[in-house]
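Peer 1: Before we start, here is the structure in question, set down as structure tokens.
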Amino acid sequence: MKQTITQSSFIDAFLHLNRQGDFTYKGKVALYKYLTNLENETGEELELDVIAICIDFSEYEDLEDYNKSNNAEFTSIKELQNSCNVIMIDNEAFIVENF
């Protein structure tokens, strides 16, 4: 059985599992767009697993926040993008796929 997940139901799934604090609203929207684009590009349907998403992705306010949280010294988002998958939320905030 298949269920179509809308942006709204994607965001609600985090609330339902008490994981609404793992990402900002804008972060969840960016993740939804990223994951649906990934499905379209690969032709493979993904299963909505909020816990796995919370493990696989982390949101940061800016590069300074990322560097502080990861004991890193990146000087630009471009440099960070060369080492991991970065999903931009706005001009400063972003999500990285944990590795």
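Read-outs throughout are calculated quantities, based only on the coordinates presented, and are distinct from any laboratory measurement. Predicted, not measured: the structure shown is a model, and the values here were computed from it. No Cβ is skipped: glycine too gets one built from the backbone with ideal geometry, and neighbour counts run over all protein chains shown.
Peer 1: Can you compute the charge dipole magnitude of the chain about its Cα centre, using +1 on each Lys and Arg Cβ and -1 on each Asp and Glu Cβ, nothing else charged? Give it in debye, rounded to the nearest 20.
Peer 2: Here the chain has a charge dipole of around 240 debye.
Peer 1: Among all the lysines, which ones have a C-alpha under 25 Å from K26's C-alpha, if same-chain residues fewer than 8 places away are not counted?
Peer 2: Those lysines meeting the cut-off are K68, K78.
Peer 1: Go through 69-80, 23-34, 48-59 and give me the packing order, highest mean Cβ count within 10 Å leading.
Peer 2: The packing order, highest mean first, is 23-34, 48-59, 69-80.
Peer 1: When the helices in the chain are scored as -39500 (n - 2.57) per DSSP H run of 4 or longer and the sum is shared across all residues, what 222 nm value do you end up with, to the nearest 500 deg cm²/dmol?
Peer 2: Rounded to the nearest 500, it is -14000 deg cm²/dmol.
Peer 1: For the pair D49/K33, report the inter-label distance in nm, with labels modelled 7 Å from Cα in the Cβ direction.
Peer 2: The two pseudo-label positions are separated by 2.6 nm.
Peer 1: Which aspartates and glutamates have a Cα less than 17 Å from the Cα of K2, not counting those fewer than 8 places away in the same chain?
Peer 2: Counting by Cα, and skipping residues close in sequence, K2 has these aspartates and glutamates nearby: E39, E44, E45, E47, D49.
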